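This report concerns only the one structure given below.
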Amino acid sequence: EAGVAQSPRYKIIEKRQSVAFWCNPISGHATLYWYQQILGQGPKLLIQFQNNGVVDDSQLPKDRFSAERLKGVDSTLKIQPAKLEDSAVYLCASSYNRIAGGHNEQFFGPGTRLTVL
Amino acid sequence: QKEVEQNSGPLSVPEGAIASLNCTYSDRGSQSFFWYRQYSGKSPELIMSIYSNGDKEDGRFTAQLNKASQYVSLLIRDSQPSDSATYLCALGFQKLVFGTGTRLLVSP
């Protein structure tokens, strides 16, 4: 079974530029998550999609970050304009979301390491 | 807001020893608990999930959950140098809240 795919793996941009990340979840996984992981910290949830609807975006800085999941499969996360503090690894995860039974294991992609200069 | 606390380490153990990693949490309503392993420069990899009080064993790994005391632990038996990594504790049903991780160093 193929895992979560992400691209690009690395990105270096100047502050105030824009950047976009792409994620393809595990086949059949209805729920998709974007996390931000700053060096030395655990991942922090930015946004959660259930199919193509947003479930939780309470920690997404909406003045500069946006995300979409068209057709309920692939997703893109965009930052515009980028700030120095956005330097981090952006992780995409997916889960099958078995409502019956109530547990929800999440599997991560390789991540995109963003450096903002 | 759920909080998850982990000792950042490093926890150093010799090869073949038992490594014990601990995690405490603040939300008494938490139902699902996970341990992820993260090698330097890599993404988190799910190694254990536990939902009920008690122990759950999978190979060399044992997860222990005590909801009354609000802690979850991970034991790694017969530790190997390849186990050297950061271990992240996470909890939640849909939205996972992660600790900052404990760095484990296994010396040959």
Scan (1) under 27 Å from A:Ser58 (Cα atoms); (2) open to solvent by 10 Å² or more (accessible area, probe 1.4 Å) for the single condition B:Gly59 breaks and write down its number. (1)
Answer yes or no as to whether A:Asp56 is open to solvent by less than 50 Å² (accessible area, probe 1.4 Å), over 16 Å from A:Ile26 (Cβ atoms), free of Cβ contacts under 8 Å to residues at least 60 places away in the same chain and within 14 Å of chain B (Cβ to nearest Cβ). yes
Filtering strands (runs of 3 or more DSSP E) wholly in the range A:33-75 for at least 2 residues that are within 11 Å of the chain's Cα centre (by Cα) gives A:44-50, A:65-68
Single match in A:Pro81, A:Pro43 (criterion: under 30 Å from B:Thr102 (Cβ atoms) and surrounded by 15 or more Cβ atoms within 10 Å (Cβ to Cβ)): A:Pro43
Just the residues that are at pLDDT 95 or above and of a type in the set (Lys, Arg), please, taken from the range A:70-117. A:Lys78, A:Lys83, A:Arg113
Scan the range B:36-72 for residues that are among the small types (Gly, Ala, Ser) and part of a strand (DSSP E or B) and jot them down. B:Ser49, B:Gly54, B:Ala63
Tell me, which residue of the range B:73-103 that is crowded, with 22+ Cβ neighbours inside 10 Å and either touching a Ser or Thr at 6+ places or on another chain (Cβ under 6 Å) or in a helix (DSSP H, G or I) (or both) is nearest to the other protein chains (Cβ to nearest Cβ)? B:Gly101
Conditions (1) open to solvent by 60 Å² or more (accessible area, probe 1.4 Å); (2) away from chain A (no Cβ under 11 Å); (3) without any contact (Cβ under 8 Å) to a residue 24 or more places away in the chain -> B:Pro108 fails only (3)
Out of the range B:34-52, which residues are open to solvent by less than 20 Å² (accessible area, probe 1.4 Å) and among the aliphatic types (A, V, I, L, M)? B:Met48, B:Ile50
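The values are calculated or read from the model by the stated rules, or taken from the named source; none is laboratory data. Because the structure is predicted, anything quoted here is derived from the model rather than measured. Positions of Cβ are generated from backbone atoms using ideal geometry, with glycine treated the same way; all protein chains shown enter the neighbour counts. Only protein heavy atoms, including side chains, enter the accessible area calculation; ligands, DNA and RNA are left aside. Shrake-Rupley method; radii C 1.70, N 1.55, O 1.52, S 1.80 Å.
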